[in-house]
Amino acid sequence: MKILVCISHVPDTTSKINFCDNNKSFDSDGIQFIINPNDEFGLIRAIWFKEKTGATVDVINVGLNNTEQTLRKALAIGADKAIRINTIPKCSKVVAKSISKYLESNQYDLIIAGRESIDYNGGMVPGMISALSKINFVDKCTSLEITNDNVKAVREIEGGVENISTSLPLIISSQKGLVEEKDLRIPNMRGIMMARKKELIVIEDYGFKISSETVKFEKPLTKNKVTLIPSNNIDKLIELLNKEAKVI
Amino acid sequence: MCILIYAESEKGKLKKDCFELASYASLIAKTLELEVHAVCFNADNAEELSNYGVIKTYHYKNKNYLNFDATIYSDYISKIFNEKFRFLILSSSSNSRYLGGILSVKLNASYISNVISKIESKSSIKVVRNSFTNKAFETVEALEKNVILSVAKNSFEIIKEPVTVEIEEINFEMSGPINIVTSIEKSENKISISDADVVVSGGRGLKGPENWHLVEDLADVLGGATACSKPVSDLGWRPHSEHVGQTGKPVSSNLYVAIGISGAIQHLAGVNASKTKVVINTDPEAPFFKAADYGIVGDAFKVVPDLISKIKEFKSSNL
Ligand SMILES: Cc1cc2nc3c(=O)[nH]c(=O)nc-3n(C[C@H](O)[C@H](O)[C@H](O)COP(=O)(O)OP(=O)(O)OC[C@H]3O[C@@H](n4cnc5c(N)ncnc54)[C@H](O)[C@@H]3O)c2cc1C
Ligand SMILES: Nc1ncnc2c1ncn2[C@@H]1O[C@H](COP(=O)(O)O)[C@@H](O)[C@H]1O
């Protein structure tokens, strides 16, 4: 089984969010970047298949060379090969089209992308790849078992889950639940050394046109101060929730 | 020219957020000078959309109804979306978001998710969306002729606007879904986090799963859903589906009550979009107080039972 995991390179979850370039771009000054957590769950599941069934795991990113450190981290965790398409990931369509273009000449049985990237929160790329490459798709996957070509997947829906039986080739969007938190891996020294020798292929920009464009970013206004209520005056809280906030 | 809304149904009935979508579509229809049409699948109350400005509904019907299937539904929605249409409006539900990416390819459309604003001008299609897990607003311009917007939950009011509706019934086939749904596990009487107007959430401060009756009882009296912080679901005290935050679910309820949650940045990111936040925590320095509207510094094991009985009293005296 050949697996491709789409990796988006996102600011660490504790990052302070600031913008530059006339509030048109994210200010990455002093920011640590990580593998998008939703992609990491998918990557760890892919590596599980590699270790149990001998699958191969490639990782792909659409981005400039600053994302190579993140791809190297994925290699250090256990992926076999990395691909970077040298394009500014300005809009989800361009990302999805680039990955689908790569798929035209490279076959995979399973493609994993995150449910959403934690920076732009688009939640768009996996569905787009599925339609562009005409590959069957299971969104918001919280469990994935594969025996031969038989796939058992669990999809999260409002208030529950759907158990799905399907087949390869398949694209899923990954999220928490796909693997346990304790199975997440921090690259060790050996992994990091091996990653240096692994292949990182760079593909030149395919030149797709953008479909939507960021005009500007703004930060929410800072909140008013909290109203503290003494713990022996719950009636006051109920009055405020009823009269002021109008939520009960 | 028309706007199409995808009006989702469940068990043969339109979901409440359809009316939110129809109201939103009617709002932007005024600026854009367009008509609002809707497409739905097996919805016995399809005509109700006319109360919110929908003048034509394409109602796909199939007696041997199977489960939602993104590939099949997106094909049928694409069939409706002919040259007359420019906009498709989706909700933020799991099924609608599942369709969004697929349809943006099939309809050659710019797709913008988490939309929280109207459209101000006909000449350039710009909307504001939540981004960076609610830590920023992003204004985005759609560059293609066709546009798909998925609207963030609880961002727009339901506005009544009765019109006469024409309903076109169309039979549809569900032949050969590739994804076969073998079973659905869903607790029927439980409200899900994404649908709830009130969310009551517990953190590690509650000490253990045996104390969760506090969260559940409070959610019950408030008619809300239960949620938790990440370590609580990592420890297996609660299911993963209840984990809220940057790596869990986003919550945009009217009321969010946080009990024994410190308010780490990743947790706050997921609850910023909630309108009113109440925090109960023993530690006056807990970061959550900075993001809260109302706070009680106190022991959850004393405060919450008191709060439950006082709300019960309040509700019974305000019937
Ligand atoms: C990559 C990454 C992603 C993350 N994503 C998320 C996420 O999506 N969601 C999330 O929640 N976290 C996330 N976290 C974890 C986050 O950083 C915090 O560790 C977590 O939110 C803390 O959970 P908590 O508040 O329940 O526990 P704690 O931090 O242990 O806080 C417990 C609180 O309970 C209070 N308390 C104790 N006893 C009582 C009592 N009797 N009554 C009232 N209060 C009491 C304490 O004062 C304390 O403030 C993420 C972390 C990382 C590194
Ligand atoms: N620039 C990118 N390169 C590779 N994969 C990406 C990129 N952007 C998004 N993805 C994948 O698509 C998923 C959803 O992203 P998004 O639609 O941007 O929320 C991410 O979790 C990644 O798996």
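The values are calculated or read from the model by the stated rules, or taken from the named source; none is laboratory data. Bear in mind the structure is a predicted one, so any value in this text is a computation, not a measurement. Neighbour counts run over all protein chains shown; Cβ positions are idealised from the backbone, glycine included. We work out accessible area using only protein heavy atoms, side chains counted, and drop any ligands, DNA or RNA first. Shrake-Rupley method; radii C 1.70, N 1.55, O 1.52, S 1.80 Å.
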Amide H to amide H under 5 Å from B:K277: which residues, 5+ apart in sequence or cross-chain, H placed 1.01 Å off N in plane?
B:Y256, B:D293, B:Y294
Packing-ranked peptide list from B:21-31, B:155-165, A:168-178, highest mean Cβ count within 10 angstrom first, is A:168-178, B:21-31, B:155-165
Taking a quarter of the surface of the Cα convex hull of chain A, what do you get in nm²?
17.8
Karplus ³J(HN,Hα) for the range A:160-177 (6.51 cos²θ - 1.76 cosθ + 1.60, θ = phi - 60°; Hz, whole; x = Gly/Pro) runs x, 9, 10, 8, 10, 10, 8, 9, 8, x, 8, 10, 10, 9, 9, 7, 3, x
Within 10 Å of each candidate Cβ there may be at most 11 other Cβ atoms; applying that plus a DSSP loop requirement, which GluC sites (Glu not before Pro) in the range B:25-98 survive?
B:E33, B:E83
Choice from B:K135, B:K56, B:K153 with maximal GNM fluctuation in chain B (Cα, 10 Å cutoff)
B:K135
Counting only residues 5 or more places away or on other chains, whose amide H sits under 5 Å from the amide H of B:L107 once H atoms are built in the peptide plane?
none
Using only Cα atoms, what Kirkwood radius does the range B:2-171 have, in angstroms?
15.9
Relative to the Cα centre, what is the charge dipole magnitude of the range B:174-213, using +1 at the beta carbon of each Lys and Arg, -1 at the beta carbon of each Asp and Glu, and rounding to the nearest 20 debye?
180
Cα convex hull of chain B - mean projected area over all directions, nm²
17.8
Lys pairs in the range B:198-317 with Cα under 25 Å (8 or more apart in sequence, or on separate chains) total 27
For the range A:2-219, the percent of accessible surface on carbon and sulfur atoms (probe 1.4 angstrom, ligands and nucleic acids excluded) is 48
Using a cut-off of 16 Å between alpha-carbon atoms, which lysines can reach A:K197, once sequence neighbours fewer than 8 places away in the same chain are excluded?
A:K73, A:K81
For chains A and B, what's the summed buried accessible area, probe 1.4 Å, to the nearest 100 square angstrom?
6800
Under a no-solvent Debye model with one identical scatterer per Cα of the range B:198-317, what's log10 I(q)/I(0) at q = 0.10, 0.16, 0.17 Å⁻¹?
-0.25, -0.66, -0.75
When the Kirkwood radius is taken over all Cα pairs of the range A:1-73, what Stokes-Einstein diffusion coefficient follows at 10 °C and 1.306 mPa s, in µm²/s?
116
Let me confirm one metric for peptide A:130-138, namely the mean number of other chain beta-carbon atoms within 10 Å of its residues' beta-carbons.
5
Local net charge near B:F156, Cβ-Cβ under 11 Å (Lys/Arg +1, Asp/Glu -1)
-1
Heavy-atom accessible area order for B:E185, B:E210, largest first, 1.4 Å probe
B:E210, B:E185
Please report, in Å, the Rg and the Dmax of the protein assembly as shown, where both are computed over Cα atoms only.
23.6, 72
Distance (nanometres) between label positions extended 7 Å along Cα→Cβ at B:H213 and B:I159
4.8
From the phi angles alone, apply the Karplus equation (6.51, -1.76, 1.60; θ = phi - 60°) to the range A:131-139 and give each ³J(HN,Hα) in whole Hz, x where the residue is Gly or Pro.
6, 5, 9, 6, 10, 4, 9, 10, 8
Can you list residues from other chains, or at least 5 along the same chain, whose modelled amide H is less than 5 Å from the amide H of B:I125?
B:A142
For the range B:61-76, what does the Karplus curve 6.51 cos²θ - 1.76 cosθ + 1.60, with θ = phi - 60°, yield as ³J(HN,Hα) per residue in whole Hz, taken in order and with x for Gly and Pro?
10, 8, 5, 8, 5, 9, 6, 3, 9, 4, 5, 5, 4, 5, 4, 5
